[in-house]
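Report on the structure given below.
The values are calculated or read from the model by the stated rules, or taken from the named source; none is laboratory data. Bear in mind that the values here come from a model prediction, so they are computed numbers and not experimental data. We place every Cβ from the backbone using ideal geometry, glycine too, and count neighbours over all the protein chains shown.
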């Protein structure tokens with residue numbers, strides 16, 4: 001079966017995963033299979049958590065099947081994740097395209113499976129700056145992908161678009177990217193990247209286009225990168241406009257902790273021991289000096305100003 005690389009680990013799958021770089025055959029970290037999967041007969045108390053979209057619709061429901069995790073995405077597909085997260089079965093609803101299932105697998109289920117193994121994966125994008133990796137953390141719709149793409153066009157290649165594995169090594173934080181590539185809404189695609197013959201596009205279920213280009217994405221086997229900054233993307237303060245609406249501040253450790261709690265992939269939030277271990281890690285990370293809060297309105301015309309603020313901060317000229 002084909003072997004691929006994601007989060008600098010080997011994934012073996014019985015179907016092609018064109019979004020991922022291929023890897024030599026080796027002992028896999030994940031064994032993924034696309035095959036029919038029927039709904040198990042579960043009591044109501046087996047469904048332990050429900051994730052909802054901002055409009056209230058159910059995005060995903062999670063249940064325990066023995067020690068395994070059963071994930072149901074309404075009208076899209078089902079995933080069965082083993083207790084230790086290393087085996088995943090993928091099954092789509094009738095008529096659902098494979099690229100939709102691959103998007104759910106790579107950008108949702110894989111990060112959740114890492115959390116089962118005690119790994120800290122944050123919903124974030126990242127680029128490679130001269131001084132190290134720059135990470136952008138924020139709610140959906142805050143412009144993480146747009147900001148990453150605009151910086152990539154300026155020479156800071158994209159490391160990852162939708163998932164960052166953070167590890168502690170001595171006195172530094174390191175980033176392990178998921179896989180190269182970026183997804184943009186059509187308006188961001190036109191505004192930021194324009195026409196480019198070297199990129200390829202695929203439509204995702206959310207209406208975004210997946211792009212992969214040597215011009216903007218980091219190439220090669222990037223196992224880990226030292227983190228220079230982690231920026232939390234927030235709305236601007238009330239009453240500000242224009243360039244003044246772009247601002248930066250240093251958050252407190254408590255603010256960092258709560259922001260990371262909100263943006264961490266967590267498959268089983270009902271496990272008190274796992275939650276305690278994660279909170280202790282987040283508490284230690286929150287004291288590091290790499291965090292900043294970046295506030296700005298979602299306006300393409302302000303991207304040059306945002307770039308200036310970022311470069312000034314990374315150069316040490318911004319308090």
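Odds and ends about this structure:
- Boolean, residue 252 is over 20 Å from residue 164 (Cβ atoms), modelled with pLDDT of 95 or more and either in contact with a strand residue (DSSP E or B) (Cβ under 7 Å, 6 or more places away or on another chain) or not assigned by TED's automatic domain parsing to the domain that holds residue 107 (or both): yes
- Count of segment 101-148 residues which are assigned to a helix (DSSP H, G or I) and over 19 Å from residue 313 (Cα atoms): 18
- Counted residues, segment 294-308 - those being part of a helix (DSSP H, G or I), modelled with pLDDT of 90 or more and in contact with a helix residue (DSSP H, G or I) (Cβ under 8 Å, 6 or more places away or on another chain): 5
- Hits in segment 299-316 - residues which are surrounded by fewer than 16 Cβ atoms within 10 Å (Cβ to Cβ), over 23 Å from the mean Cα position of the chain (by Cα) and under 15 Å from residue 154 (Cβ atoms): 304, 308, 312, 315
- Tally of residues being surrounded by 14 or more Cβ atoms within 10 Å (Cβ to Cβ), touching a helix residue (DSSP H, G or I) at 6+ places or on another chain (Cβ under 8 Å) and assigned to a loop (DSSP other than H, G, I, E, B) across segment 260-293: 6
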